[in-house]
Amino acid sequence: MVGMEVPAFHRPIFQTLMEDMRQIPQILSITGPRRVGKSTLLYQIIRQLLNDQTAPKKIIYYSFDDPALDISNVHVNALIEYIMQGALQGKKTGLTYIFLDEIQRLDRWELYLKKYHDLKYPIRVIISGSASSPIFKKSRESLMGRVKDYHLLPFSFREFVLYSLIEKPSLMAEVNNIYEQGKTAQGFATGDLSIVAKEVPISLPSRELQIFLDGEMRRFMLEGGFPEVWSLPTWVAKQDYLYDNQVRKVIYEDLVLAAEFRKPELLKRFYISLLESPGREASLQSVSKEINIKIAQIDKYLPLLEMTDLVYSLSKFRASPLRVRRGAMKFYLVDLALRNAVLRLDPDLLDDNQALGIYAENLTFLALRKWRGTIQMDYYRERNREIDFIVHVKPRQFLPVEVKFQNQISDTDFKSILSFGRNQKRPLMPIMVTKKWHDFGPRNGVFLIPLPLFLLLFD
């Protein structure tokens with residue numbers, strides 16, 4: 001960390017981590033994809049501790065990326081014992097904060113932490129690890145009850161906007177106010193009977209903010225939520241970075257090592273097939289035939305792609321809670337810029353209205369997936385009726401969400417989403433995510449929200 005410049009911008013998770021570090025005795029674990037900002041979070045917490053007058057000797061940071069670990073005369077168990085004994089001897093002066101970065105590179109790391117946690121050493125431990133390591137996930141499971149995990153994903157659109165508004169405090173305050181409005185809107189969306197649609201205090205942003213959000217939306221669709229991408233000088237450099245760090249290294253290094261793949265190129269072929277058409281309904285059997293990979297292999301690949309945050313699957317809505325494993329599914333991406341990088345798309349891809357619609361649907365999915373009101377989510381398709389997302393907000397109570405990212409909304413666009421509500425005993429007012437700012441508010445029994453506003457409200 002010596003001489004390293006730590007970013008001033010704090011992601012919202014930072015404050016939660018600081019509070020939990022001071023209040024709960026559990027080990028705190030930060031997982032997520034490569035280069036998503038896990039180490040930066042650790043550096044920022046350390047900086048805050050120092051600003052709060054924590055003695056530097058009470059803070060220990062070690063990265064297991066350190067090449068010294070490859071030297072035969074370095075004994076990790078002796079190193080950890082030395083750290084823990086130092087914390088024990090200094091218990092009269094308070095807790096020692098221990099930060100262990102990329103801990104999945106340490107064999108049997110969970111045994112060390114379990115030992116000293118159960119001995120109630122005067123320590124607070126924060127660890128980070130790559131979500132692309134199945135070994136890391138299994139190790140955390142052996143620490144059940146001792147670890148509180150935070151899964152860090154690429155920047156959401158709201159985080160992306162806040163980061164861009166560091167030097168525009170008035171617009172940042174307006175975005176934060178929208179987020180506060182969103183708390184009430186979310187209560188309405190989950191069926192809070194004390195809130196009716198006309199009382200939901202959602203208002204359109206100022207014209208200045210609308211113009212800013214439109215520009216940032218296009219940039220976000222192109223460059224995505226991995227922060228190191230934004231400062232790279234060219235489009236080709238951005239694509240090369242994303243492909244190398246988020247695809248090649250995950251598939252050809254992390255998963256080959258952890259899952260012992262012999263033919264990672266098959267996994268890559270399967271991944272590319274999903275990248276080509278996000279949001280398209282398909283069965284695994286049909287995908288298997290299209291790309292000439294056995295269904296047994298695909299059954300093995302899909303959980304790994306989901307575990308490493310490369311792809312998410314969405315099942316078809318069924319009245320029965322029982323699911324058919326190989327039924328129709330849809331697939332969405334953790335970050336749209338990965339599609340741009342792997343398929344080597346040009347920036348003018350957003351001039352295509354069909355591509356814009358696909359990207360809008362994917363961003364809506366990501367917001368709903370992380371929304372705390374979502375218990376489960378499906379998509380709906382029956383005969384000629386289709387709804388992009390059915391969000392389970394309570395047992396047997398569903399919130400339909402449809403994305404209509406088009407220049408004009410006609411009465412026929414409401415048919416599917418309204419027909420679903422007529423078959424429900426406790427229907428909620430559906431939400432339609434729109435393209436134009438004037439397509440906003442209640443209409444035909446549906447609440448319309450422009451995409452940028454929706455993403456700010458439901459993040």
So Asp101, is it closer than 22 Å to Thr308 by Cβ, surrounded by 18 or more Cβ atoms within 10 Å (Cβ to Cβ) and acidic (Asp, Glu) = yes
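Could you list all residues from segment 410-459 that are among the acidic types (Asp, Glu) and in contact with a helix residue (DSSP H, G or I) (Cβ under 7 Å, 6 or more places away or on another chain)? If you could, list the steps in order and put the result at the bottom.
Quick first cut of segment 410-459, residues among the acidic types (Asp, Glu) only: 411, 413, 439, 459.
Selection gives Asp459 alone.
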Residue pairs qualifying under the 7 Å Cβ cut-off, at least six apart or on distinct chains, with the first in segment 3-27 being closer than 22 Å to Gly145 by Cα and the second being assigned to a loop (DSSP other than H, G, I, E, B) and modelled with pLDDT of 90 or more, are Ile13/Leu152
Filtering segment 140-162 down to residues that are surrounded by fewer than 17 Cβ atoms within 10 Å (Cβ to Cβ) and within 17 Å of Lys38 (Cα to Cα) yields Lys148, Asp149, His151
Restricting attention to segment 399-417, the residues that are under 30 Å from the mean Cα position of the chain (by Cα), more than 23 Å from Pro452 (Cα to Cα) and not hydroxyl-bearing (Ser, Thr, Tyr) number exactly 0
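Let's see how each residue does on (1) at pLDDT 90 or above; (2) farther than 21 Å from Thr16 by Cβ:
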site	(1), (2)
Tyr112	no, yes
Lys115	no, yes
Ile123	yes, no
Ser128	yes, no
Ser132	no, yes
Ser139	no, yes
Leu143	no, no
Leu152	yes, no
Phe157	yes, no
Here, strands (runs of 3 or more DSSP E) confined to segment 330-410 with at least 1 residues that are surrounded by 24 or more Cβ atoms within 10 Å (Cβ to Cβ) and modelled with pLDDT of 95 or more are 385-394, 397-404
Of those in segment 420-440 that are surrounded by 15 or more Cβ atoms within 10 Å (Cβ to Cβ) and closer than 13 Å to Tyr380 by Cβ, the residue nearest to the chain's Cα centre (by Cα) is Pro430
Of Phe398, Phe365, Phe414, the only residue that is in contact with a strand residue (DSSP E or B) (Cβ under 7 Å, 6 or more places away or on another chain) and under 30 Å from Val236 (Cβ atoms) is Phe365
Among residues of segment 203-251 being polar (S, T, N, Q) and either in a helix (DSSP H, G or I) or closer than 15 Å to Arg34 by Cα (or both), the residue modelled with the lowest pLDDT is Gln246
Selection over segment 373-394 where residues are within 22 Å of Gly327 (Cβ to Cβ) and within 27 Å of the chain's Cα centre (by Cα) yields a count of 15
When Pro427 is run through (1) in a loop (DSSP other than H, G, I, E, B); (2) more than 17 Å from Arg385 (Cβ to Cβ); (3) of a type outside the set (A, V, I, L, M, F, W, C), the failure sits at (2)
Within segment 4-15, residues surrounded by 12 or more Cβ atoms within 10 Å (Cβ to Cβ) and part of a helix (DSSP H, G or I) come out as Ile13, Phe14
Note on segment 244-281: residues closer than 26 Å to Gln354 by Cβ and surrounded by 16 or more Cβ atoms within 10 Å (Cβ to Cβ) are Gln246, Val247, Lys268, Phe270, Tyr271, Ser273, Leu274, Leu275, Pro278, Gly279
Checked segment 30-51 for anything charged (D, E, K, R) and in a helix (DSSP H, G or I); matches are Lys38, Arg47
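The values are calculated or read from the model by the stated rules, or taken from the named source; none is laboratory data. The structure presented is a predicted model; accordingly, all values stated were derived computationally and were not measured. Reconstructed Cβ throughout: ideal geometry from the backbone, glycine too, with neighbour counts over all protein chains shown.
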